[in-house]
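These notes concern the structure reproduced below.
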Amino acid sequence: MATTMQPVYSSDYARLRRQWGVTAVLWVGILLAGFGWLHPRWPFAGRWAAIAGIMLIYSLWVLWRGLPENHREGETAVLPTFGWGNQLTLLRGLAISLVAGFLFSPWPSGRLAWLPMLFYTAASVADYLDGYLARITNHATKLGARLDMEFDGLGMLVVSLLAVWYGQMPWWYLSLGLARYLFVWGLWQRQRRALPVYDLPPSVHRRIFAGFQMGFMSVILWPIIPPAGATIAGTVFATATAVSFLRDWLVTVGRLDPASPAYNHVRRWLFVTATKRLPLALRGGLAVGTAVIFITLSPPWQPSAWIDLFMRWRLPDPAFWAGFWALVLVGTETAVALGALGRLLSLLLIFPIGIDMVTRNLQWENGLALACATGLMLLGTGAFSLWQPEERFMARRAGEMREIERLEIGD
């Protein structure tokens, strides 16, 4: 007689609950240590500890509820330990909670201003590595998948709200942080009304967009990033994410059939347009924008405005760094125009473009260059590219032994 698979409760489960207790004690200790360190340095340390504490409690509650799912797919025996992958995922939950503590307080000054970015960057790095560790140690569990999904949504909500609170992004950017929760709420409403809900097909591009989105959110929390630049790049990211969420929603509610010939024809056309043809225009726009930026530099190879800026930032040898970033601007743009390492070098180009925005404010040329560089990060350099090794790297998950040979369009 067929039976529904349920977790097997045993001494291993009791041991797992004790590990939860150890995690809770450790997190509380880190929170108290952080408060003790911040208290004499920042007048809002108490508010930070209170908000971070609330987020820690929520994260621990999510972990507690998911303990029975600490088993491999297709098995029922609960594993007695979290494993290295889940431990790294829990580090993400801790880091996101510490970031949340900065909400509703002024941006700290001096070196403390970098703390929100450092905590969220740690969460982003952990997000890339946790699945890798889980797979290579044969400890991929349903609990890990649940925590990964929960902390993805929570992290985007927290960092979006913080970016808006700090004035780095406009208020409408909160919709991006709320997107996953609105999506889940919509699915719950359909299930409550007994309406059909369809599974989403796997998507390489969904993962690529999510990875770049996390990296971008880390960058806009840098205290040296101008809000105008953050808004331009954020708009590009938000547009791509909104289109992706809309497509996923239409598939989930059955308005789009991923198996239909008409849908696949349109998807193939969109894919070719977005990843082959549009990047050619973006490469051209980037070339125009960066060329005008370079022409306006005075002198071109060691801009005095950049030297003054680096002196205010107290960087050692500001003349060297001004020349270095001017060289990066020219050399990197040349490589991107040829389609060599386009995604990665477009990311690097954001730094000299941002420096130009800080020194000259928002101009049409640096705004155009930033928008084009952001688009190339998401889409790649497209047709007639010289060298794109990062495409293979991004089309697979860390820890997988085989490359994904076909993207979602079936290429």
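For the stretch 358-373, what are the residues that are crowded, with 24+ Cβ neighbours inside 10 Å and in contact with a Leu (Cβ under 9 Å, 6 or more places away or on another chain)? Steps first, please.
Taking the stretch 358-373 as the starting set, the residues that turn out to be crowded, with 24+ Cβ neighbours inside 10 Å are 366, 369-370, 372-373.
Of everything in the stretch 358-373, those that are crowded, with 24+ Cβ neighbours inside 10 Å and in contact with a Leu (Cβ under 9 Å, 6 or more places away or on another chain) turn out to be 369, 370, 372, 373.
Matching residues to (1) among the aromatic types (Phe, Trp, Tyr); (2) under 27 Å from the mean Cα position of the chain (by Cα); (3) more than 23 Å from residue 147 (Cα to Cα); (4) at pLDDT 95 or above:
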residue	(1), (2), (3), (4)
16	no, no, no, no
33	no, no, yes, yes
36	no, no, yes, yes
40	no, no, yes, yes
51	no, yes, no, yes
56	no, yes, no, yes
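For residue 141, indicate whether it is at negative phi and buried (at least 21 other Cβ atoms within 10 Å of the Cβ).
So residue 141 fits the description; yes.
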* Structure fact -> Scanning the stretch 67-90 residue by residue, those outside any loop (DSSP other than H, G, I, E, B) and surrounded by 19 or more Cβ atoms within 10 Å (Cβ to Cβ) turn out to be 83, 85, 86, 88, 89, 90
* Which condition breaks for residue 194 when tested against (1) part of a helix (DSSP H, G or I); (2) on the phi > 0 side of the Ramachandran plot? -> (1)
* Asked: Would you call residue 110 over 22 Å from residue 47 (Cβ atoms), small (Gly, Ala, Ser) and free of Cβ contacts under 8 Å to residues at least 60 places away in the same chain?
  -> no
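How many of the residues making up the stretch 97-112 are part of a helix (DSSP H, G or I) and either of a type outside the set (S, T, N, Q) or outside the structural domain of residue 44 (by TED's automatic domain parsing) (or both)?
6
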* To do: Would you mention how many residues in the stretch 309-326 are loosely packed, with under 13 Cβ neighbours inside 10 Å and either in contact (Cβ under 8 Å) with a residue 24 or more places away in the chain or in contact with a Gly (Cβ under 7 Å, 6 or more places away or on another chain) (or both)?
  => 1
* **Selected residue [surrounded by fewer than 16 Cβ atoms within 10 Å (Cβ to Cβ) and either outside the structural domain of residue 178 (by TED's automatic domain parsing) or hydroxyl-bearing (Ser, Thr, Tyr) (or both)] from 244, 260** => 260
* To do: Go over the candidates 149, 156 one by one and state the one that is in the same structural domain as residue 131 (by TED's automatic domain parsing) and either aromatic (Phe, Trp, Tyr) or without any contact (Cβ under 8 Å) to a residue 12 or more places away in the chain (or both).
  => 149
* When only residues in the stretch 289-308 that are hydrophobic (A, V, I, L, M, F, W, C), free of Cβ contacts under 8 Å to residues at least 60 places away in the same chain and in contact with a Phe, Trp or Tyr (Cβ under 9 Å, 6 or more places away or on another chain) count, which is surrounded by the most Cβ atoms within 10 Å (Cβ to Cβ)? -> 306
* **Contacts under 7 angstrom Cβ, first residue in the stretch 254-277 being in a helix (DSSP H, G or I), partner among the small types (Gly, Ala, Ser), 6 or more apart** => 275/380; 275/382; 276/382; 276/383; 277/382; 277/383
* Asked: Among the residues of the stretch 126-141, is any under 16 Å from the mean Cα position of the chain (by Cα), of a type outside the set (Val, Ile, Thr) and not in a helix (DSSP H, G or I)?
  -> no
* Has the stretch 360-367 got any residue that is on the phi < 0 side of the Ramachandran plot, aliphatic (A, V, I, L, M) and in a helix (DSSP H, G or I)? -> no
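The values are calculated or read from the model by the stated rules, or taken from the named source; none is laboratory data. In this text, all values refer to a predicted model and were calculated from it rather than measured experimentally. Cβ coordinates were reconstructed from backbone atoms using ideal geometry, including for glycine residues, and neighbour counts include every protein chain displayed.
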